[in-house]
Amino acid sequence: MDLELLKKFYMTVESGSISSAAKRLNTSQSAISRAMNLFEYRLKTDLLIRDHRGIQLTAKGEELYDYAKKLMRENELFVKGFLEDNNKIAGDL
């Protein structure tokens, strides 16, 4: 699975719309839209229902979002722990 596409999917769902996700990711709305289309194509399923009010998740989209939330949370914890460990002084003084 392409983790960059998963992150864009996650941010799109968290933001509630493709345009809001684009702002948060500092990219264009069309880039996010293309990424979501590519992700759906690669996974061979619809993930999002798009309308003028924003996005809604399909059943498969809900399933993937649950997975993405766990993965993003684990990534945050790893990075936080990794950076904290790097800030500790180790060894003999």
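Distance between the 7 Å Cα→Cβ label points at Met1 and Ser19: 2.9 nm.
Dipole size of the chain about its Cα centre, with +1 on Lys/Arg Cβ and -1 on Asp/Glu Cβ: approximately 380 debye, rounded to the nearest 20. In the chain, the calculated helix contribution to ellipticity at 222 nm averages -23000 deg cm²/dmol per residue, counting -39,500 (n - 2.57) for every DSSP H run with n ≥ 4. With the simple model of a label 7 Å out from the Cα in the direction of the Cβ, Ser30 to Lys69 spans 3.4 nm. Solvent-accessible surface of the chain, taken per residue with a 1.4 Å probe and all protein chains present: 73 Å².
Cross-link reach is defined here as a Cα-Cα straight distance under 19 Å, omitting same-chain residues fewer than 8 places apart; for Lys8 the lysines meeting it are Lys23, Lys44, Lys60, Lys69, Lys70.
The values are calculated or read from the model by the stated rules, or taken from the named source; none is laboratory data. If you're wondering where the values come from, they're calculated on a predicted model, not measured in any experiment. Here the Cβ is made from the backbone with ideal geometry for all residues, glycine too, and neighbour counts use every protein chain on show. Surface areas here come from the heavy atoms of the whole protein model, side chains and all, with no ligands, DNA or RNA. Shrake-Rupley method; radii C 1.70, N 1.55, O 1.52, S 1.80 Å.
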